[in-house]
Amino acid sequence: MRKISTSNEKNHTLSKKSKISIIVASVIVVLALAGFLYYYFFGNGIYKQVSHTNEVLSNSEIEVTFLQAEYFTSMPGVECDENYVYVRLYYSVKNISDKDISWKSYPYVSINEFIQSAGGYREVKNTECEYDFTALQTYALALEIDFTTIIEDLPAGQTRYDADIIKIPKDDFENNLYFVMIDNIHAIVEINEENSDIIDVLEENLNKNVVDDQQENESGE
């Protein structure tokens, strides 16, 4: 197996398309803050049940399925801060309506702190989770996700894949209860322990895609 590229080597070999894709993802997250603001002012709702990976969640327009939702402290090609626990999210979004939908209908995915209360789980506001776009760049490369298409309309019946990397202060994560939250479906998803099999796949894909990207850059020179 090839040696994992260092952060500097990896960034050097990323194509312009890969770099632009992360910028697009950043813009999407900023625009999606509208969803966050809704929950900031009107949130604290009760979630009666916790969903899990590979479970289909839906509203009248979309189906969302989380393929990965797990915490980790190290990942191939990523320099992790030891003061944080990282959560990688990989999920599909399917248009189940009979017309094209815009990015405005996509789910806003976040990680929030919850407490158990009568009737289910209630969101609390004292979370300090952060999106890590540097780690996401490596994760997206390993998963072969093209963020440049995320602002395009999603045709009826079609599926698109998305990902996020979110980090949580380690002390907070160890002492509180966190779930993935999907705003426009009003659902929460359990965060699993790290799967070593996924690490092997990510490492293999990352090595292959970095080499392919480097060859693409060289051929374009």
Looking only at residues in region 58-74 that are in contact with a strand residue (DSSP E or B) (Cβ under 7 Å, 6 or more places away or on another chain) and under 21 Å from Lys208 (Cβ atoms), which one is surrounded by the fewest Cβ atoms within 10 Å (Cβ to Cβ)? Leu67
Which condition from (1) of a type in the set (Asp, Glu); (2) under 16 Å from the mean Cα position of the chain (by Cα); (3) under 22 Å from Ser105 (Cα atoms); (4) surrounded by fewer than 15 Cβ atoms within 10 Å (Cβ to Cβ) is the one that Asp164 breaks? (4)
I'd like to know if region 103-117 contains one or more residues that are charged (D, E, K, R) and under 23 Å from Lys170 (Cβ atoms). yes
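Yes/no per residue for (1) crowded, with 19+ Cβ neighbours inside 10 Å; (2) of a type in the set (S, T, N, Q); (3) within 23 Å of Glu190 (Cα to Cα):
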residue	(1), (2), (3)
Glu128	no, no, yes
Leu136	yes, no, yes
Ala140	yes, no, yes
Ile150	yes, no, no
Just checking: which of the helices (runs of 4 or more DSSP H) contained wholly in region 127-221 hold 1 or more residues that are at pLDDT 80 or above, among the charged types (D, E, K, R) and closer than 13 Å to Tyr71 by Cβ? 170-175
Would it be correct to say that Thr148 is in contact with a Ser or Thr (Cβ under 7 Å, 6 or more places away or on another chain) and farther than 22 Å from Tyr178 by Cα? yes
What residue, among those in region 103-126 that are crowded, with 20+ Cβ neighbours inside 10 Å and among the aliphatic types (A, V, I, L, M), is farthest from the chain's Cα centre (by Cα)? Ile111
Residue in region 91-117 that is farthest from Glu70 (Cα to Cα), counting only those that are of a type outside the set (D, E, K, R) and outside any strand (DSSP E or B): Ser97
State whether the residues of region 113-126 include one that is touching a residue at least 40 places away in the same chain (Cβ under 8 Å), under 21 Å from Leu57 (Cβ atoms) and in contact with a Ser or Thr (Cβ under 8 Å, 6 or more places away or on another chain). yes
Pairs only if they're at least six apart or on different chains, beta carbon under 7 angstrom, first in region 74-85 and free of Cβ contacts under 8 Å to residues at least 60 places away in the same chain, second not hydroxyl-bearing (Ser, Thr, Tyr); list them, first residue then second. Ser74/Cys80
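The values are calculated or read from the model by the stated rules, or taken from the named source; none is laboratory data. What you see is a predicted model, and the numbers here were worked out from it, not measured in a lab. Cβ atoms come from the backbone with ideal geometry, glycine included; neighbour counts cover every protein chain shown.
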